[in-house]
Amino acid sequence: MADELKPAYLIAGSDRPKVDRAVARLRSRFDAEAVELLSAVETTGEDAVAACNVMGLFGAGTRLVVVEGVEAWKAADAKAVATYLKAPAPGTTLALVAAELKKDAPIAKTVAAVGDLLIWDVTAKAIPRWIADQFKLSNTNAEPEACRLLAELVGDDLYELAGEVEKMATWADGADVTEADVEGLVAPRAESPPWNITDAWGARDVGGVLRETEKMLDRTGDPVSRTIPRLVASLTRHLQRARAAHRLEEQGLSAQEAASQLGMKPYPAQKLFGQVRNFSGAELDDALIRLAELDHALKGGSRLANELELERALVDITRPRVAVEAPA
């Protein structure tokens, strides 16, 4: 019933398909001509309040004002909405829609006082579980391995993943979706995250580094001539930061204490500290020199294929050093 509606809703989160469904459900409770759609890019908090008050002047009936993108609003916008919500226009509902937004953001606190917060976020680790849930919404069961592979092939764009789930559920027509189905029907287009490579490097896993690099080269839409230099630049930045982390740890700083100096958040800094403990300072210096040599080779300093030069360098910077025993 319309009288069950709150004066305000905040609908937000990285789970954009779910956010869209929630907004659509809310809009379905109003006549189309009773809905006004606004964008926070062009609309301030005061403008949204004015729209609510103008709609309230129409008298009988219920009305809805939807403002998209309110994560861009400032404190002044939240203050204007807070003032309005102390005495909202009768029969008017204000729906504020955002992408990722913390529950302690000013606009979230404002809405929570009198309305509902509907915030749905999906972490990277939870994406396979999210995919499984989307299949269930389509009355289809998918194997966990199929969900993991779909995330690996497509990436973390939830809109794109939702589209793939819909297509595969239609194709399956009630049958279970298997890993083989995903492998045969979904074209790989997600770049392998650079951290997959740096994680393998930090573990000194030569095979892992080569596999993740090959995966990234296979899935990028760019030519190899552009992808390899970009990867080398990314690895160089990571090793430079690793060398800095190694020095800071030698000075007695913890990962949390060093995070700000490294320009990182505490958790990634802690992860980096774990990686550099597998290397000596000299090894990290040598690895940076080896990447500089690779950069020179890629720019014409070698007659070998770029892929081969990359592979040789990755092996050199990752494999453990073999201790040489002094002669008896």
Would you pull out the residues with amide H under 5 Å of D205's amide H, same chain only if 5 or more places away, H placed 1.01 Å from N?
-> none
Distant-in-sequence amide H partners of E100 (H built 1.01 Å from N, under 5 Å) | G13
The chain - share of DSSP beta bridges that are antiparallel (%, nearest 5) = 0
Of the heavy-atom accessible surface of the chain (probe 1.4 angstrom), what whole percent is carbon and sulfur?
-> 52
Say the dipole of the stretch 200-269 comes from +1 at the beta carbon of Lys and Arg and -1 at that of Asp and Glu; which of L248, V224, H238 then lies farthest toward its positive end?
-> V224
Where nothing but the Cβ of Lys and Arg (+1) and of Asp and Glu (-1) is charged, how large is the charge dipole of the stretch 1-159 around its Cα centre, in debye to the nearest 20?
-> 440
Given K18/K109; K74/K271; K6/K109; K136/K215; K125/K215, which pairs have Cα atoms separated by over 26 Å?
-> K74/K271; K136/K215
Probe 1.4 Å, heavy atoms of protein chains only: per residue, the accessible area of the chain in Å² is 55
For the stretch 253-264, 3J(HN,Hα) per residue [Karplus equation, 6.51 cos²θ - 1.76 cosθ + 1.60, θ = phi - 60°, Hz, x = Gly/Pro] = 7, 7, 4, 5, 5, 7, 3, 5, 5, 8, x, 10
Write out the trypsin sites (Lys or Arg not before Pro) in the stretch 115-198 meeting two conditions: DSSP loop, and at most 13 other Cβ atoms within 10 Å of their Cβ.
-> R189
Given (i) 1.23; (ii) 1.33; (iii) 0.91 as candidate values of Cα Rg over 2.2 N^0.38 Å, which corresponds to the one derived from the coordinates?
-> (ii)
Which cross-chain or sequence-distant (5 or more) residues have an amide H under 5 Å from the amide H of A95, H modelled 1.01 Å from N in plane?
-> Y9, V65, V66, V67
Given Cβ charges of +1 for Lys and Arg and -1 for Asp and Glu, the option among L291, A162, A112 whose Cα lies farthest towards the positive end of the dipole of the chain is A112
Treat every Asp and Glu Cβ in the chain as -1 and every Lys and Arg Cβ as +1, leave all other atoms uncharged, and give the resulting dipole magnitude about the Cα centre to the nearest 20 debye.
-> 880
Loop-located GluC sites (Glu not before Pro) in the stretch 236-328 whose Cβ has at most 15 other Cβ within 10 Å (DSSP) | E325
Each residue of the stretch 119-127 in order: what ³J(HN,Hα) in whole Hz does its phi give by Karplus 6.51 cos²θ - 1.76 cosθ + 1.60, θ = phi - 60°, with x for Gly and Pro?
-> 10, 10, 10, 10, 7, 4, 5, 8, 4
Sequence-separation-based contact order of the chain, relative, with Cα cut under 8 Å and 6+ spacing, percent | 14
In the stretch 16-50, what GluC sites (Glu not before Pro) fall in a loop by DSSP, with at most 16 other Cβ atoms inside 10 Å?
-> E42
For T44, what is the net charge nearby, where nearby means another residue's Cβ is under 10 Å from its Cβ and Lys, Arg count +1, Asp, Glu -1?
-> -3
So what J values fall out for the stretch 78-87 if you push phi through Karplus, 6.51 cos²θ - 1.76 cosθ + 1.60 with θ = phi - 60°, rounded to Hz, Gly and Pro as x?
-> 4, 5, 5, 5, 4, 4, 5, 6, 5, 8
Excluding A142 itself, calculate the net charge of residues whose Cβ lies under 12 Å from the Cβ of A142, where each Lys or Arg counts +1 and each Asp or Glu counts -1.
-> -4
Determine the order of K18, K109, K215 by accessible area, beginning with the largest, at a probe radius of 1.4 Å.
-> K109, K18, K215
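The values are calculated or read from the model by the stated rules, or taken from the named source; none is laboratory data. All values derive from a computational prediction rather than experimental measurement. When we count neighbours, we look across all protein chains shown, and the Cβ atoms used for this are built from the backbone with ideal geometry, even at glycine. The protein model used for the area step is the full one, side chains on, heavy atoms only, and it has no ligands, DNA or RNA in it. Shrake-Rupley method; radii C 1.70, N 1.55, O 1.52, S 1.80 Å.
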